[in-house]
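Please see the structure below; I have some questions.
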Amino acid sequence: MSTLDGSGITISAKAALGEIEAVIAEIDRAGLRRLAEETDAAPRVFFAAGGRSLLILRAIAMRLMHIGLETHIVGDTTTPAVGPGDLVVVASARAGRAARATAVAAREAGARVVGVSASAEAFDGAAETVLCLPARTVVPTHQHAGSLFEQTLLVVGDAVTRSVQASRRATPSALEARHANL
């Protein structure tokens, strides 16, 4: 039998929402706008991450595909080579060695790179643009490990997706036509 009752879970969920709002309040609006504009303008958008951040990026890539963008997940067997004009979004709360190496390789191939991290300095120059979601760096959390970063990444990704959808005037029926049917 669980020691948590419904009211404890509700309080925990409300606290998580408050933390997400606090992180969003700290985000650089110009950087967020650049991410939306670069996503909209890119011929192809590639997403790279590890672990749970990768799960979030898969959801964002799917949403953008529904809008009509060509999206790929770095490391999937059907992902083509990245090249000039492409956008690569690399998400990692700490921007460790693998994230930085991916960013560097993408830039060497001629792609634009946006790093998404919990610290503005985390990519150490490997990405042209860094969007900082300061979960656990500026905004404290009571949640498990990287949950706040990942939750905020999904909310921000949805906001960027909505901006691209509006820019392209993609209708709900157009999105529905691209929805999986198998």
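Rule-based calculations on the coordinates, nothing more; no lab input. None of these values were measured; they are calculated from a predicted model. Glycine also receives a Cβ, built like all others from the backbone with ideal geometry; neighbour counts cover every protein chain displayed.
Apply the Karplus curve 6.51 cos²θ - 1.76 cosθ + 1.60, θ = phi - 60°, to the phi angles in the stretch 121-134 and return the couplings in whole Hz, x for Gly and Pro.
8, 4, 7, 6, x, 6, 10, 5, 10, 10, 9, 8, 10, x
Another question about this same structure. Given R₀ = 22 Å, FRET efficiency for Ala25-Asp158 by Cβ-Cβ distance, to 0.05?
It comes to 0.85.
Find how much the distance from Ala180 to Ala109 grows on full extension, using 0.36 nm per residue of separation minus their present alpha carbon separation; answer in nm with one decimal.
22.4 nm
Subtract the Cα-Cα distance of Arg34 and Ile11 from 0.36 nm times their separation in residues, and report this length gain in nm to one decimal.
4.8 nm
Still on this model: Report, to the nearest 10°, how far helix 51-67 tilts away from the longest principal axis of the Cα atoms in the chain, using its own Cα long axis and a range of 0 to 90°.
60 degrees
Based on DSSP H runs of at least 4 residues, each adding -39500 (n - 2.57), what is the mean residue ellipticity at 222 nm of the chain after dividing by all its residues, to the nearest 500 deg cm²/dmol?
-16000 deg cm²/dmol
Still on this structure: What percent of all Cα-Cα pairs in the chain falls in each 5 Å bin, counting up from 0?
In whole percents, the pair-distance histogram is 1, 8, 16, 20, 19, 14, 10, 6, 3, 1, 0, 0.
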